[in-house]
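The values are calculated or read from the model by the stated rules, or taken from the named source; none is laboratory data. From a predicted model like this one, the values you see are computed outputs, not experimental measurements. Note that we place each Cβ from the backbone using ideal geometry, even for glycine, and neighbour counts take in every protein chain shown. Accessible surface is based on the protein model in full, side chains and every heavy atom, while ligands, DNA and RNA are left aside. Shrake-Rupley method; radii C 1.70, N 1.55, O 1.52, S 1.80 Å.
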Amino acid sequence: MRRRLAAGNWKMNGRLADLDQLAKIASAYPDPACDMLLCLPATLIHTAAARLSDTSVMVGAQDCHCAASGAHTGDISAVQLADAGARAVIVGHSERRADHSETNGTVCAKALAAHGAGLTAVICLGETLAERDAGRTLDVIGAQLAASVPEAAGAENTVIAYEPVWAIGSGRSATSDQIAQVHAFLRAGLVERFGTQTGTAIRLLYGGSVKPDNATEIFAIPEVDGALVGGASLTADDFCPILAALAAAQD
Ligand code: PGA
């Protein structure tokens with residue numbers, strides 16, 4: 001049975017004073033029925049990891065370089081993120097694919113770097129609205145799955161997040177049918193590629209305008225093992241009800 005995971009993505013938001021929100025989340029769920037991960041800006045990782053070390057909230061990052069060290073001004077390696085206290089790192093978020101021209105190959109190399117540093121790679125994929133409207137959703141997702149996920153991926157080091165680009169930050173979540181279709185497709189693809197044991201053990205998250213008021217419906221969809229939450233992960237008031245919905249779905 002897959003343990004559910006609520007992952008937050010603060011993106012380029014948050015300063016030291018905002019870490020109070022994490023403390024509130026941790027104290028609201030001292031022994032949660034699901035895993036909790038907050039992917040923070042790099043500037044906050046070390047402090048957050050130290051403050052949350054005695055809690056069940058894991059701290060993660062939002063990107064890493066594919067090399068372990070070297071002449072890459074401004075970049076941060078997975079090894080450095082692990083050193084700062086991160087347990088996981090998002091790779092291939094659509095904002096990075098778009099803003100930094102990241103290809104599936106780049107994303108795969110970053111996931112490998114994360115694995116090498118002992119981090120869980122949260123590998124994001126998802127179609128644009130133009131691709132969906134053209135009926136190409138499953139083609140795009142299939143290609144991203146094939147080329148962004150390393151051969152050595154397993155349930156212990158990899159989580160896949162389906163995030164339709166048009167649903168991110170738009171307030172317009174995908175419908176239950178749309179999510180169910182893509183998650184079933186992803187599960188089948190993972191089983192085909194990695195075999196039944198690994199393919200059924202890798203967790204699949206949905207992301208894109210997950211909010212307190214739609215979380216229960218989303219978590220009831222087959223093959224949805226949790227969520228990657230952007231805007232609604234920034235405050236305990238929004239994130240805690242999502243955690244509660246996920247914990248309830250576990251029962
Ligand atoms: P959102 O972002 O929840 O604000 O739509 C999700 C994400 O980009 O991971």
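Looking at region 205-221, I want the residues that are at pLDDT 95 or above and near the ligand (Cβ under 10 Å from one of its atoms) and have a partner that is part of a strand (DSSP E or B) and of a type in the set (Gly, Ala, Ser) with Cβ atoms under 7 Å, at least 6 apart or on another chain. Which pairs are those?
The qualifying pairs are LEU205/ALA7; LEU205/ALA161; LEU205/GLY226; LEU205/ALA227; TYR206/ALA227; GLY207/ALA161; GLY207/ALA227; VAL210/ALA227.
Tell me which residues, restricted to region 202-219, are open to solvent by less than 40 Å² (accessible area, probe 1.4 Å) and within 19 Å of ILE123 (Cα to Cα).
If the condition is that a residue be open to solvent by less than 40 Å² (accessible area, probe 1.4 Å) and within 19 Å of ILE123 (Cα to Cα), then ILE202, LEU204, LEU205, TYR206, GLY207, GLY208, SER209, VAL210 are the ones that fit.
Regarding ALA249, is this residue closer than 19 Å to ARG4 by Cβ, open to solvent by less than 40 Å² (accessible area, probe 1.4 Å), more than 18 Å from the chain's Cα centre (by Cα) and among the aliphatic types (A, V, I, L, M)? Let's see the steps before the verdict.
Numbers: closer than 19 Å to ARG4 by Cβ: yes; open to solvent by less than 40 Å² (accessible area, probe 1.4 Å): yes; more than 18 Å from the chain's Cα centre (by Cα): yes; among the aliphatic types (A, V, I, L, M): yes.
Yes: the conditions hold for ALA249.
Among the numbered criteria (1) open to solvent by 10 Å² or more (accessible area, probe 1.4 Å); (2) modelled with pLDDT of 95 or more, which single criterion is violated by PRO30?
It fails just one condition, (2).
CYS240 fails exactly one of the following numbered conditions: (1) within 11 Å of the ligand (Cβ to nearest atom); (2) part of a helix (DSSP H, G or I); (3) open to solvent by 10 Å² or more (accessible area, probe 1.4 Å). What is the number of that condition?
(1)
Kindly check whether there is at least one residue in region 180-200 that is assigned to a strand (DSSP E or B), touching a residue at least 12 places away in the same chain (Cβ under 8 Å), crowded, with 20+ Cβ neighbours inside 10 Å and within 17 Å of the chain's Cα centre (by Cα).
Applying the first criterion (assigned to a strand (DSSP E or B)) to region 180-200 yields none.
Checking region 180-200: not a single residue is assigned to a strand (DSSP E or B), touching a residue at least 12 places away in the same chain (Cβ under 8 Å), crowded, with 20+ Cβ neighbours inside 10 Å and within 17 Å of the chain's Cα centre (by Cα).
Can you tell me which condition HIS72 does not meet? The list is (1) at pLDDT 95 or above; (2) open to solvent by 40 Å² or more (accessible area, probe 1.4 Å); (3) over 23 Å from ARG97 (Cβ atoms), and all the others hold.
Among (1) at pLDDT 95 or above; (2) open to solvent by 40 Å² or more (accessible area, probe 1.4 Å); (3) over 23 Å from ARG97 (Cβ atoms), the lone unmet condition for HIS72 is (3).
Of the residues GLU131, GLU151, GLU102, which is farther than 18 Å from CYS64 by Cβ and part of a loop (DSSP other than H, G, I, E, B)?
Details: GLU131 fails: part of a loop (DSSP other than H, G, I, E, B); GLU102 fails: farther than 18 Å from CYS64 by Cβ.
So the residue among GLU131, GLU151, GLU102 that is farther than 18 Å from CYS64 by Cβ and part of a loop (DSSP other than H, G, I, E, B) is GLU151.
In region 77-125, which residue that is open to solvent by 60 Å² or more (accessible area, probe 1.4 Å) and hydrophobic (A, V, I, L, M, F, W, C) is farthest from ALA143 (Cα to Cα)?
Step by step, filter region 77-125, then rank; the result is VAL79.
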